[in-house]
1. Taking the condition surrounded by 14 or more Cβ atoms within 10 Å (Cβ to Cβ), over 22 Å from TYR92 (Cα atoms) and either aliphatic (A, V, I, L, M) or in contact with a His (Cβ under 8 Å, 6 or more places away or on another chain) (or both), does ILE206 pass?
2. Could we say that ARG36 is in contact (Cβ under 8 Å) with a residue 24 or more places away in the chain, among the basic types (Lys, Arg) and surrounded by fewer than 18 Cβ atoms within 10 Å (Cβ to Cβ) here?
3. Which of the residues belonging to the range 146-166 are over 20 Å from MET119 (Cβ atoms) and of a type outside the set (Ser, Thr, Tyr)?
4. Filter the range 24-52 down to the residues that are of a type in the set (Val, Ile, Thr) and more than 27 Å from the chain's Cα centre (by Cα), then identify the one that is modelled with the highest pLDDT.
5. Only one of (1) modelled with pLDDT under 85; (2) assigned to a helix (DSSP H, G or I); (3) under 20 Å from ALA59 (Cβ atoms) fails for ASN238. Which number is that?
6. Which residues, counting only those in the range 170-184, are part of a helix (DSSP H, G or I) and farther than 16 Å from VAL160 by Cα?
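The values are calculated or read from the model by the stated rules, or taken from the named source; none is laboratory data. Just so it is clear, the model here is predicted, and its values are computed rather than measured. Glycine gets a Cβ as well: all are built from the backbone with ideal geometry, and neighbour counts include every protein chain shown.
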Amino acid sequence: MSTSSMGKKALTHLAIAALVIINLIPLLIVLSGSLRSPKNMTNPLSLFSEFTLASYKIAFTRMNFPIALWNSVVLTAVSVIFVVLLAAMASYPLARINSKLSKFLYLFFLSGLVVPGQMVLIPIIQMIKSLGIPMTQYTPILMFITCSLPFSTFLYTGFVRSSVPVELEEAAHIDGAGTLRRYWQIVFPLLLPVTVSVVITQGVWIWNDYFFNMVFITKASASPLPVAMLGFLGDQQNPAQWNVLFAACILCVLPLLIAFLALQKYFVGGLTVGSVKG
């Protein structure tokens, strides 16, 4: 290896290390602040100068963490299950049927990527009211499913086209298996990598969503974690308790970190393979 190539490689590694450090600094400040007492407002750059769980105790109690966690789990789990089922079933004919209608429907799904749900929120609320759908803590699920379907269908369609051999279905068809049986027993189990990718990408967004939950949920007892953290922001009369807010942020992130660590290998493989073609 020449000296110039080694120098370029070293500079590349230094640049990557610098970017990693820049991205880690805010996270370290949040973690350090969460381990301080609520009244300790010294220089935030003085990292890990104190180690106490007082801020975590206050955050856990004030945000009613068990109930808020359960609300977030229900909203995220129900939404993701419907997204996986609907997107996977929609992508199968889009990937296998080569016709003008299937191409149009594929582009129709993709068009949802350029229209954010926030832009059409008022017409959607009017439609929900005209249909007589009650405004409850589960109403945001409709928005989560609708907004997640375009990207999820895109991933599933690309994965079916590139990674699910047609020969397996042809062999099952010769053995007498119908369309539904071929899909559920042969195709759907092979979609595990991209399914995990959809679960993580859409699950993280749904878990962290604040906008739709704030619009549709009015009861404090029904609030998920992002909305439950509102009480720590403060106002002019009651300044924000930053250390308690940092502790609440860590509590909200922990379930996501655990899920990502458990599904990381599937996530990387499914996201890259599923987006190669399509």
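1. Here the answer is yes, as ILE206 does meet what is asked.
2. no
3. Answer for the range 146-166, where residues must be over 20 Å from MET119 (Cβ atoms) and of a type outside the set (Ser, Thr, Tyr): LEU155, GLY158, PHE159, VAL160, ARG161, VAL164, PRO165, VAL166.
4. THR52
5. (2)
6. ALA171, ALA172, HIS173, ILE174, ARG181
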